Amino acid sequence: MVPVKVTQKQLLNRGTRRRHLSPNSEECCRLNAMDRKDRATASLLKRVLVSCASQAKQYGGCVAAKVPKVERDMCLKEFIALKSCMQNTLRGK
């Protein structure tokens, strides 16, 4: 066997490369629909995280301050503020 030189770029792309599909194939259309759904979900998540960063920070800080003895509803006020922000962002308000 002859050793083959593999570049670092080829190693990184090895798992992510898709085989070529004809544009008319059913599998191609399914993959495109999945890609669109993944992008839409990522975009939505990004919008929520950007919009509610301060509420998330307050809630996380509250929970982190009480880490050894975390109990249910300890940070309820902060949680409700975060939940409300996320719901309003998703509704487009």
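Any read-out appearing in this document is the output of simple, stated calculations on the displayed coordinates, not a laboratory observation. As the structure is a prediction and not an experimental result, all values here were calculated from the model. Reconstructed Cβ throughout: ideal geometry from the backbone, glycine too, with neighbour counts over all protein chains shown.
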Residue-by-residue Karplus 3J(HN,Hα) for the stretch 45-55, coefficients 6.51, -1.76, 1.60, Hz, glycine and proline x: 4, 4, 4, 5, 5, 5, 5, 10, 4, 5, 5
Calculated FRET value between Leu44 and Lys66, using beta carbons and R₀ = 35 Å, to 0.05: 0.70
Cβ-based exposure ranking for Arg47, Arg91, Arg36, in which fewest neighbours within 10 Å come first: Arg91, Arg36, Arg47
